[in-house]
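A.B. asks: My questions all concern the structure below.
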Amino acid sequence: MLPTVGFALAYTAALLLGRAARVDGSPLAAFWPAAAVAAVWVGASWAHRVRRLVAGAGVLALSALVDTLTGVPTGVAAALAVGDLVQTWVACALFHRWRPGVTRMTQREDAWALVGAAVGGSAAGALVTAWPRASLLGTPLPVTFLTTVTGGTATLTVAGLCLLLADRTTRRAPGAGWLEVVAVNAGSAAVFAWVFDVEHLHSLSFLVVAVSFWAGSRFPARVAAANALLVDLLHAVLALHGVGMFATAPPLQRLVGVQLFVLLTSVVTLVLVLHRQERAQLVTSLLTARGEAERQADLLRTVFDASSDGMSVYTAGGALLMANSSALGIYPTLPPGTPVERFGEFVEILDAAGDPVAGARLPLARVLGGESVESTDFTFRSTLDGTTRTVNVTGRRLPRNEGANWSEGALIAFHDVTDNRAAAARVARTRDLYAGILSGATEQLIVAIDLHGDVTVFNEGARRLLGHAPADVLGRSVELLHDPAEVAERAAALGIAPGPGVFTHPLDPAGAAVTQQWTLVRADGERRQFALTTSWLVDADGRRTGSLAVGTDVTEQVTTQARLADSETRFRAAFDTAPVGMLIVGLGEVAGRILQVNATMTEFTGLLPEELGVLDVHALVPAQDREEFSAHLAPLLAGADDEAQFEHRYVHADGGTGWGRTNVSRVSPAGVEPYLLCLVEDVTARKEAEQALVHQAMHDALTGLPNRALLRERLARALRAGGGDGRRVGVLLLDLDGFKAVNDTAGHACGDDVLREVAHRLSGLCRGGDTVARLGGDEFAVVCPDTDDEGLEHLARRLLAAVREPVVLGTGTFSVGASIGSAVHRAADADPGTLDRLLQNADLAMYAAKRAGKNRAYAYDHRDRERLERAERLLPELARAVADGEFEMFGQPIVELGSGRVEAVETLLRWRRADGTVLAPGAFLDVLEASPLMPAVGEFVLRASCAVAASWERALGADAPAVHVNVSAEQLGGSLVDQVDRTLAETGLSAGLLVLELTETHTTRITDALRGELQALRRRGVRIAIDDLGTGYSGLARLTELPVDLLKIDLQFVAGLGRDPSCDAVVRAVLGIGQALGIDVVAEGVEDDAQTRVLASYGATLAQGYRFARPAPAAELLGSLRRPSLAS
């Protein structure tokens, strides 16, 4: 659209300019630029039919309009407009017919096509306008034709030079520099001024044509074109004002002279410039072709020089033209700089028989004589040191090529095959060696078969061991040598038909040999046992051709093994029937390995014989007892003692343990590896009776856990065992939170059940070497030897999570929490007072956890006092903040992902201090929640949130969003229903717009009574949301028990989307829970578009975070809520 408007404006201006250029009031103009502009406009649009028609219509309409506005009668204006269009259309059609697709002036053919098009267009325009001008305006016919010639001249001059100026792609011919351009134009301007200053010298103004010749011959194309346009315009203007070479001529002659002058300068400039450009392009093409030929030659030369085969080129007379480095390398012993003509002095060429090759028998002479040398081996022997190389030579005659120095010459190719021929000789020697082995191996049979099972090799050893003559076996099936019954039995076991496949089926496809025992039949019918090692035979290409078996007669060994097996059977019967457990334990390389066990021992351990047979004897005792067990057994395994007796625990297969009185003896029978014989008597009953008495004195009767006395004993032992190895001992003290409420509401029997369940959970999470004790009441302790701060912290978190899990009893479900304090001490630094200090430090940490809000773990460190001082400093300021009303509510929208519409707003507490500083909850909430101020602040949060939400409801009506209000733990402990009812009544907020958010950790504290209150609120229309889902420890069962309307995914999982697969899994899981339970899910902490897209792909519909809006004062959110979408 923009180019069309530009052309229309240019054409209108050109029409007006042409009108102004009329000579002495006549209808003739000194120049008619409108014809050139019309030609360029239509020509530029010619390739697009619609744009071409638009351009034509523009020329027609604008010509008629301007003529009418400048006083031309309407009929005449229309006829002249048609003439202008015809002239333009015919000129463009002719040019694009002769030079299709040309839009720049690059060749002389383009210039001549433009001249013809301009002439044709002018003639067509004159024919169209001749009658209207003559009949309506009385214009003589010559004037009419001259008028159209003026347009044609403008078309040729302006359009041609503009097309030349538009060409920015054609390579430019070298020409004058800018200094020459300036000098020539300055000189011509001086001459021009001098000529026109003296009236009688006007005829000399044709001297200016010389400038056009000079510009076309020397100036850059665009400079020459611009120069010609300037000269043409100057002459037209001078003629218009009666000045110049045609100043004294009548108007008609003056106009003809100007047009001829313009044509002359324009055509001269175009032809000369295009001639220079064509010549420059031709030179460029020649240079390009020469460069490509040189690159091809370089490539061939590189291939020739880099070839690993030697190549040399000779003339028809036998003179060497060139040779690559590989060809020269065939003669490594030549003295440096030896000319090729003298190679024969240092290298002697021998044929396959070892005879010298010379004269006409040389490969070069044979090739030049018209014979081809095809891959023939020659021996090149140095006359200097006698070394030889085997060289494979190929020779070809070169073709005839007149003028080439290599015409009808020879190309000789050399390939050093010394190593190849040596390798072939080694293969032959190996083959001979193989034949020698076959004949010399008289103690082993060697038999080879092909893929059909026919014998192809039967050595001397096979003949001697089996009594068959090779002639009777070779070429026949190998089954001749085997027991048919055994072959049929093994074929059935393999699931294949009897035949040769039985012998090769077990072979490893990768080629590894396989050893099997087979029964072979001698020629006299005797059956002998052979150990046959079989492997595949392959050819040079790796294809299998058969198999090879090497065998040894093992009949005597098999018989001996049978006799030993019979003796073993008798021993086994006595061994298995012994009334005490018996084990045979290996020595030497299998020291400690259980070799045999009897039935009594399997009954004692609960393990099968094959299970015991893969174990070390130390594995039969508990892990914590193995060090002491090893101390008893080590002297016998080392050979230092022959007997030992001790009592120890043994592990049973069901996880239990039993006690055994063990007697160990070292046995060294003749001809057999020595071993340990262990007799184990079951003394479990006696040991259990002894341990029961000790247990009662050292354990808590209710839970079965160690009591305080045993805890101190274990702690003291852990501190003593630390030694100097840097190990640390840790202590956890755990006091239950909320346990008193269980006793008060459900009775002490239920309280005892809760204590037993807690004890069971704590014990299940600790390591085998840890000690879990009940100190009394609802207080527990854990001693962790060999730990560190990180390990103790990890254990504390696990214990805390385990205690938080609701306890389900027959009388109801109970929830308790725990305050845990931890302390660690380096065992090597222990002194008599360490034990008590360690317990005191853990106790201080536990009470710090209680002060911090309970239901958490706290590690003792020296900064506890700083935390206390912070709390003591903040509490008075918080009390003053409550009294002075320094707390206020901010709000953050919750949006619908699909539309970006605000569905709800979560209110967030902020502390605006007297100095204007606004603090987020992270700076004070921990101290506030642990203080008596929290109930009042919680009630303020609820009331302020409902009040601002009520104002939104009044302003927005049905479009008002719901408000999400966070509920503190203290509010859950009071009468939540009364507080909510009172607040809704005071603020006027609809109950359906209130959503109470409980953190997931609160769910463990919800009692049956509180659950009833939540259900009552829901009946009023209030909705319940679980916040920070995924950070607590509530299970699915807990979620289904609670009256929940909405879940909120904690922001830490949203932040990990796309980077941490576990975060993606948690988000998908929570969304799945919401879908399964039919409740909405909100994703918190959404900060960017990538998270938004991932959440949408997982099916999320609601989101909250900086991606949509940052928290802002709740009273200022109304403007955002009026917006239809926050998604953009």
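A.B. asks: Rounded to the nearest 0.05, what FRET efficiency do residue 540 and residue 406 have when you use their Cβ-Cβ distance and R0 = 45 Å?
C.D. replies: Calculated value: 0.65.
A.B. asks: Want the number for residue 284 to residue 744: 0.36 nm per residue separation, take away the alpha-carbon distance, what's left? Please report the intermediate quantities before stating the final value.
C.D. replies: Values: separation 460, 0.36 × 460 = 165.60 nm, distance 10.61 nm.
Gain on extension, residue 284 to residue 744, equals 155.0 nm.
A.B. asks: OK, next. What FRET efficiency, computed as 1/(1 + (r/R0)^6) with R0 = 30 Å and r the Cβ-Cβ distance, is obtained for residue 688 and residue 717, rounded to the nearest 0.05?
C.D. replies: So, using R0 = 30 Å, E works out to roughly 0.85.
A.B. asks: Enumerate the calculated ³J(HN,Hα) couplings along the range 966-971 in order (Karplus 6.51 cos²θ - 1.76 cosθ + 1.60, θ = phi - 60°), each rounded to whole Hz, writing x wherever the residue is Gly or Pro.
C.D. replies: 7, 10, 7, 4, 5, 5
A.B. asks: Which is farthest toward the positive dipole end of the range 566-649 among 569, 581, 640, measuring Cα position about the Cα centre, with Cβ charges +1 (Lys, Arg) and -1 (Asp, Glu)?
C.D. replies: Of the options given, the answer is 569.
A.B. asks: Which of the lysines could a cross-linker bridge to residue 740, judged by Cα under 27 Å and excluding same-chain residues fewer than eight apart?
C.D. replies: Counting by Cα, and skipping residues close in sequence, residue 740 has these lysines nearby: 850, 854.
A.B. asks: Another question, if that's okay. Need the full-extension length gain, residue 831 to residue 936, defined as separation in residues times 0.36 nm minus the C-alpha distance. One decimal, nm.
C.D. replies: Stretched out fully, the residue 831 to residue 936 stretch lengthens by 32.9 nm.
A.B. asks: Return the whole-Å distance between the Cα centroid of the range 686-705 and the Cα centroid of the range 1067-1109.
C.D. replies: A separation of 55 Å, based on Cα centres.
A.B. asks: Note down the nm distance, to one decimal, between modelled labels 7 Å out along Cα→Cβ at residue 869 and at residue 926.
C.D. replies: About 1.6 nm, to one decimal.
A.B. asks: Considering amide H positions built from the backbone, and no H for Pro or chain starts, which residues 5 or more places from residue 807, or on another chain, come under 5 Å of its amide H?
C.D. replies: HN-HN under 5 Å from residue 807: 814, 815, 816.
A.B. asks: Residue 117: net charge of surrounding residues, Cβ under 14 Å, Lys/Arg +1, Asp/Glu -1, itself excluded? All intermediate terms of the calculation are to be shown ahead of the outcome.
C.D. replies: Values: positive: 97, 99; negative: 109, 110.
Local charge sum for residue 117: 0.
A.B. asks: Here's a follow-up. Taking amide H positions as placed 1.01 Å from N in the peptide plane, with prolines and chain starts having none, which residues 5 or more places from residue 615, or on another chain, fall under 5 Å of its amide H?
C.D. replies: Residues meeting the amide H criterion: 594.
A.B. asks: Classify the range 558-609: rounded, prolate or oblate, from the alpha-carbon gyration tensor (a ≥ b ≥ c, eigenvalue square roots; a/c under 1.5 rounded; otherwise prolate if a/b is larger than b/c)?
C.D. replies: Judged from the Cα gyration tensor, the range 558-609 comes out oblate (a/c at least 1.5, b/c at or above a/b).
A.B. asks: How many angstrom lie between the Cα centre of the range 730-790 and the Cα centre of the range 401-415?
C.D. replies: Taking the Cα centre of each part, the range 730-790 and the range 401-415 sit 101 Å apart.
A.B. asks: Quick one: which residues, 5+ away or cross-chain, put their amide H under 5 Å from the amide H of residue 894? H built at 1.01 Å from N.
C.D. replies: Amide H neighbours of residue 894, under 5 Å, 5+ apart: 903, 904, 905, 906.
A.B. asks: Using 19 Å as the cut-off for backbone N distance, which residues of the range 925-942 belong to the label zone defined by a point 7 Å from the Cα of residue 918 along Cα→Cβ?
C.D. replies: So the set is 925, 941-942.
A.B. asks: Can you tell me the length gained on complete extension of the stretch residue 695 to residue 1106, counting 0.36 nm per residue apart and subtracting the Cα distance?
C.D. replies: Difference between extended and current length: 141.9 nm.
A.B. asks: Starting from the 7 Å offset along Cα-to-Cβ, what nm value, one decimal, do you get for the label separation of residue 1098 and residue 357?
C.D. replies: Output for this residue pair reads 8.0 nm.
A.B. asks: Round to the nearest 0.05 the FRET efficiency obtained for residue 5 and residue 958 when R0 = 60 Å and r is the Cβ-Cβ distance.
C.D. replies: Step by step, r from the Cβ atoms, then E = 0.70.
A.B. asks: While we're on this one: Using a ≥ b ≥ c from the Cα gyration tensor of the range 697-746 (square roots of the eigenvalues), is it rounded, prolate or oblate, where a/c under 1.5 gives rounded and otherwise the larger of a/b and b/c decides, a/b for prolate? Mind showing how you got there, number by number?
C.D. replies: Working: a/c = 5.85, a/b = 2.11, b/c = 2.77.
It comes out oblate by the Cα gyration axes.
A.B. asks: Under a point spin-label approximation (7 Å from Cα along Cα-to-Cβ), what is the residue 371-residue 493 distance to one decimal in nm?
C.D. replies: A separation of 6.8 nm, rounded to one decimal place.
A.B. asks: Sort the following peptides by mean Cβ neighbour count (other Cβ atoms within 10 Å, averaged over residues), highest first: 1067-1077, 80-90.
C.D. replies: So the order, starting with the most tightly packed, is 80-90, 1067-1077.
Laboratory data are not the source of any read-out in this text; all were calculated from the coordinates shown. Quick caveat, the model's predicted, so the values are computed rather than measured. Methodologically, a virtual Cβ is constructed for each residue, glycine included, from the backbone with ideal geometry; neighbour enumeration extends over all protein chains shown.
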